[in-house]
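One structure is given here, and the rest of the page talks about it.
The values are calculated or read from the model by the stated rules, or taken from the named source; none is laboratory data. Just so it is clear, the model here is predicted, and its values are computed rather than measured. With ideal geometry, Cβ positions are generated from the backbone for all residues, glycine too; neighbour counts draw on all protein chains shown.
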C-alpha cells in the first residue's frame, strides 16, 4: 500500500477526495489530511507519505512554498497539485519545483486515478532501481573490506583516513537499528552486513570522534533496546586499498569477544592496556585455589580467580581452551571433595550439568564469577562439616593433604597468618610442633598402607609425602620402633 496525504484548506474537497476514489482497491491508503499549509508540512515529515495531494493556494502559505521547503528538508515523495483555473499559473510553477502533475478543480475521479496509477508505477520502478543500486553498492563495499578493491574506491578520494568497526549482538534486525541510530552520519559512515556482523566504514574521522561516535551508539542501543552490543575497531588506514587491513584487524579482535565482552568496545591497543594495568605477569596456582576452598578463605579465593582472569587475558587464550580448562579444574575439585570430605555429589552437580553450565557462560568474567560462586558454596559445605577454629581447620587440612609438600610457611600463606605466630599457636593447641604433627600423620597413614595394600616400601614412602626413602626409614623407625619392612612382615 502506498500512503497518500491530502492538504487542502477546503473541508469538502478533503472529504470528497477520500470518498470518490477507490483507494484500497488500487493499492493506496489515506494516511492523513490537513487544512493548513504549515501543519501539512509537518505531517509530510512525520508521516513520510509516498504521494501528497496539495492545494496550490491556501491561506498563509502557497503550495509552491510547501513543495520547496519539503524538498529542501530532504523529502523524496511525489506531489500532485490540486488547482483552480484562476491558480493555473501557480500550478505550472509547482511543476518547476518538483510536482509530478496537477489536476484542476472540481476533481475528476478518473483523471486523478490515472495520475495516481502512473505515479505508483514510477514509485515501484524507482524502488526496484534503488534496491538494485544498493545491492551493487553492497557488493562493491564487501569487496573493499574483504579484498581491498571495488568500484566504490574512487568515490572515497576526498577522505584522508578510514577506519572499520564491526558490531556483534543478539539483537534481531541489528542492521536496521544501527542505520536508524546513525541516520545523521549517512554520508560519513557506510553500513553493511557481512555474515552475522554489521560492519561500519568511518570515513575521515579523527580518533576522538571515532570513539565518541561508537560509545554513543553503544550506549543508545543498550539503553533503548536493553541489549548489549560488542564493537571492535580496526586500525586507522590512509588509503582505500588498505581498508581491508582495518577490517581484518577488527575481525580478528572479534575472536576475543569472550575475553572482553564487558568492555563493550575494544581496539588493537587492548593488550597494551591490559599489560599496563597488570604490570606484573599474573600467575595462578590451581593447588592454592583448592586449598582456599578447603580452608574457607573466600577473599583469597576471589583474588585467585582475579589472577586467573588476568592470566588468561594476557596469554590470549581462546574461548574453547578456557572452557575446557575450567571443566578440568571443576571436575578435579569435585573428585577431591567427594573423596576427602564425603560431600554429596548432588551438592556439586553431575559432569554433564557442569559442562553444560560452563559452556553457557558468555564471557570470561561471567565464567570466573560462576566458578567463584560454585567453589564458595563447596567451601561453605566443607566448613559446615568441620570446626571454624583455625587449628582444627589446619589439622583437618593436614589430614587430607599429608601427601603434599607441607610446610608451615605454605599453610601460613593459605590461612593468611604470620608463620612464626601460627607455629606457636599450633604447638600450644596440639602440644606438638608443626613438623612433628605432620610426620605422625604421615607415619600413621604409612602403617595403614603397609598392612592393607600390596605396596612396596618405596611406594608407601612416596604415597605419604616422603620423596627420600632413607628419610622415610628414619622417621618410621623413630615413631614406630622398627623399620617399615619389619612392620609390614609383623603385621601380615
Quick one: which helices (runs of 4 or more DSSP H) lie wholly within region 413-481 and hold at least 1 residues that are in the same structural domain as residue 400 (by TED's automatic domain parsing) and under 30 Å from residue 297 (Cα atoms)? 419-430, 434-452, 457-463
So which residues in region 219-256 are in a helix (DSSP H, G or I), touching a helix residue (DSSP H, G or I) at 6+ places or on another chain (Cβ under 8 Å) and crowded, with 18+ Cβ neighbours inside 10 Å, if there are any at all? 221, 240, 243, 244, 247, 253
The residue from 277, 291, 318 that alone is modelled with pLDDT of 90 or more and either assigned by TED's automatic domain parsing to the domain that holds residue 263 or in contact with a helix residue (DSSP H, G or I) (Cβ under 9 Å, 6 or more places away or on another chain) (or both) is 318
I'd like to check something: does region 200-211 contain any residue that is under 17 Å from the mean Cα position of the chain (by Cα) and in the same structural domain as residue 258 (by TED's automatic domain parsing)? no
Restricting attention to region 1-37, and to residues there that are buried (at least 20 other Cβ atoms within 10 Å of the Cβ) and out of contact with any strand residue (DSSP E or B) (no Cβ under 6 Å at 6 or more places or on another chain), which single residue is farthest from residue 79 (Cα to Cα)? 21
Does residue 260 satisfy being within 23 Å of residue 167 (Cα to Cα), at pLDDT 90 or above and touching a strand residue (DSSP E or B) at 6+ places or on another chain (Cβ under 7 Å)? yes
Exactly one condition in (1) modelled with pLDDT under 85; (2) part of a loop (DSSP other than H, G, I, E, B); (3) within 50 Å of the chain's Cα centre (by Cα) is false for residue 492; which is it? (3)
Among (1) surrounded by fewer than 16 Cβ atoms within 10 Å (Cβ to Cβ); (2) within 20 Å of the chain's Cα centre (by Cα); (3) not assigned by TED's automatic domain parsing to the domain that holds residue 182, where does residue 216 come up short? (3)
